[in-house]
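Notes follow once the structure below has been shown.
The values are calculated or read from the model by the stated rules, or taken from the named source; none is laboratory data. For clarity, every value in this text was computed on a predicted model and none was experimentally measured. Note that each Cβ is placed from the backbone with ideal geometry, even for glycine, and that neighbours are counted across all protein chains shown. Accessible surface areas use protein heavy atoms only, side chains included; no ligands, DNA or RNA. Shrake-Rupley method; radii C 1.70, N 1.55, O 1.52, S 1.80 Å.
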Amino acid sequence: MHIISDRVCGMDVHKKSITACLLLSDQKELRTFGTMRDDLLALSDWIRENGCTHVAMESTGVYWKPIYNLLELEANLSVYVVNAQHIKQVPGRKTDVKDAEWIAELLKHGLLKPSFIPNREQRELRELVRYRRSLIDERSREANRIQKVLEGANIKMGAVATDVLGVSGRLILRDLISGNTNAKVLAQHSKGNLRKKIPLLERSLEGLVGPHQRKMLKTQLDHIEFLEKQIEDLSQEIDTRMAPFEEDIALLDSIPGIGRSTAQHLMAELGSDMGRYGGADRLTSWAGMAPGQNESAGKKRNTRTRDGNKYLRHALVEAATSATRKKGTYLHAKYQRLKSRRGPKKARVAIARRLLVIVYHLLTKREMYKERGANQYNQQALEAKKQKAIKSLQRLGFVVDLSPQSA
């Protein structure tokens with residue numbers, strides 16, 4: 001079996017301890033370290049003093065990050081962060097020491113495949129973008145809580161106003177919180193098109209808001225405004241860090257369903273260098289957006305997509321949902337056909353995969369997105385259907401001679 005190095009180290013990483021196994025050409029050494037900074041420095045010194053060239057560890061939660069941040073600074077050291085599913089130990093032999101030995105043996109014989117770890121700048125950008133996404137999700141949850149409180153108070157503003165947290169909605173909410181329950185006065189806060197619905201809005205604001213509900217509404221609205229301020233601050237920092245990638249963001253922004261915020265999210269997760277992925281199919285597989293392979297005895301079983309980058313998947317599915325609502329586009333036509341056969345959820349995942357393929361090609365070829373239209377997809381679908389029918393007849397022994405239908 002091929003040996004990639006005669007000086008390797010395998011590590012079993014935990015929250016408070018690290019068990020390390022160093023395999024040299026003629027000996028094996030085991031040591032346990034803590035996870036404080038001075039312990040990690042001692043681990044780094046031990047690895048360097050023994051001339052180790054390759055280090056591997058499981059991608060255990062976030063506990064691998066401090067070790068990787070320190071060891072990546074070593075110029076002559078290759079650090080592998082490996083998917084835990086790829087290095088499972090034999091059942092019945094599960095200890096920290098044996099896990100470390102097993103990882104070291106697999107690494108020594110070249111049986112480990114490192115996970116993609118972006119450079120430090122992209123990792124920092126990822127953390128910022130992911131945290132912004134978390135705050136946006138939290139804002140949505142808080143908005144749902146406000147709607148729940150309003151329904152409990154018999155306030156049906158959500159059935160009339162498109163956005164309860166719009167300019168009109170916030171003015172009404174603040175007046176409700178202050179204790180004003182006069183529906184006619186509250187309705188006069190409406191702005192724009194909502195003023196056309198004042199009679200209906202007055203009816204929707206006839207409710208009974210108790211003191212505890214006013215307290216909850218105030219707390220929730222203050223929380224939402226605090227979250228919006230934090231999101232704005234993070235967005236400014238992200239825009240500053242994204243300045244070198246403005247051209248890439250403009251390319252992605254040309255795709256239906258992908259706006260500037262989603263484009264930034266995709267750039268943070270993928271980076272601008274598509275060459276590292278080795279093709280669009282490999283990229284979709286890495287992202288967990290491609291159908292799985294599960295075949296035995298000639299029978300194909302459930303081929304659900306595997307777990308991949310959940311942050312990237314979330315952004316792509318959200319973009320796919322938006323893209324499928326734009327009629328007359330290639331993606332909308334594809335979604336409609338897939339939905340009739342596979343259902344809306346699987347169809348959205350398929351469109352999300354298609355978006356990722358488009359992203360790959362746009363960033364590789366440096367081209368803007370060109371809309372092909374629904375007609376082209378329908379023509380392709382008809383051609384595929386025709387070829388499938390021809391092959392079915394040929395398998396039955398018929399010779400197929402196609403000729404256009406006479407008028």
- Message: What distance in nm separates the two pseudo spin-label positions at Lys229 and Tyr63, each 7 Å out from Cα along the beta-carbon direction?
- Response: 3.8 nm
- What angle, in degrees between 0 and 90 and rounded to the nearest 10, separates the Cα long axis of helix 310-323 from the longest principal axis of the Cα atoms of the chain? 40 degrees
- Task: Can you tell me the FRET efficiency between Asn144 and Ile390 if r is taken as the Cβ-Cβ distance and R0 is 45 Å, rounded to the nearest 0.05?
- Result: 0.30
- Item | Spacing of the two label points (7 Å from each Cα toward its C-beta) at Glu124 and Lys16, in nm | 3.3 nm
- With all distinct Cα pairs included, what does the Kirkwood hydrodynamic radius of the range 1-82 come out to in Å, to one decimal, could you say? 12.7 Å
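On the accessible surface of the chain, probed at 1.4 Å, how many percent belong to carbon and sulfur atoms? Numbers along the way, then the final one.
Numbers: 11900 of 23660 Å².
C and S atoms contribute 50 percent here.
Report the full-extension gain for the segment Ile136 to Lys191: residue separation times 0.36 nm, less the Cα-Cα distance, to one decimal in nm. If you can, show how the numbers build up before the last one.
Working: separation 55, 0.36 × 55 = 19.80 nm, distance 2.52 nm.
17.3 nm is the gain from fully extending Ile136 to Lys191.
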- Query: Efficiency by 1/(1 + (r/R0)^6): what FRET value for Val97 and Met368, r their Cβ-Cβ distance, R0 = 60 Å, to the nearest 0.05?
  - Reply: 0.60
- Whole-angstrom gap from the range 1-36 to the range 133-149, using each part's C-alpha centre: 46 Å
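Of all beta bridges DSSP finds with both residues in the chain, what is the antiparallel percent, to the nearest 5? Don't jump to the answer; show the numbers that get you there.
Numbers: 15 of 24 bridges.
Of the beta bridges lying entirely in the chain, close to 60 percent run antiparallel.
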- Acute angle (nearest 10 degrees) that the helix 167-178 long axis makes with the longest principal axis of the chain, alpha-carbon atoms: 80 degrees
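Rounded to the nearest 500, what is the chain's calculated 222 nm mean residue ellipticity when only DSSP H runs of at least 4 contribute -39500 (n - 2.57) each, over all residues?
Working: 15 runs with 220 residues, N = 407.
Mean residue ellipticity at 222 nm (helix-derived): -17500 deg cm²/dmol.
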- Item | Cα-based helix-to-principal-axis angle, 96-108 vs the chain, degrees rounded to 10 | 80 degrees
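In percent, how large is the relative contact order of the chain, given Cα pairs closer than 8 Å and 6 or more residues apart?
Numbers: 489 pairs, mean separation 44.4, N = 407.
After rounding, I find 11 percent.
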- Among Val349, Val79, Val62, which one moves the most in a GNM of the chain with springs linking Cα atoms closer than 10 Å? Val62
- Query: So for the pair His109, Thr32, with labels modelled 7 Å out along Cα→Cβ, what separation do we get in nm?
  - Reply: 2.8 nm
- Item | Table column - 3J(HN,Hα) (Hz), the range 16-25, Karplus curve with 6.51, -1.76, 1.60, x for Gly and Pro | 10, 8, 10, 9, 10, 10, 9, 9, 9, 4
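Tell me, what is the FRET efficiency for Ile3 and Arg241 to the nearest 0.05, using R0 = 35 angstrom and their Cβ-Cβ distance as r? Present the calculation step by step, with values, prior to reporting the outcome.
On the way: r = 42 Å, r/R0 = 1.19.
The calculated FRET efficiency here is 0.25.
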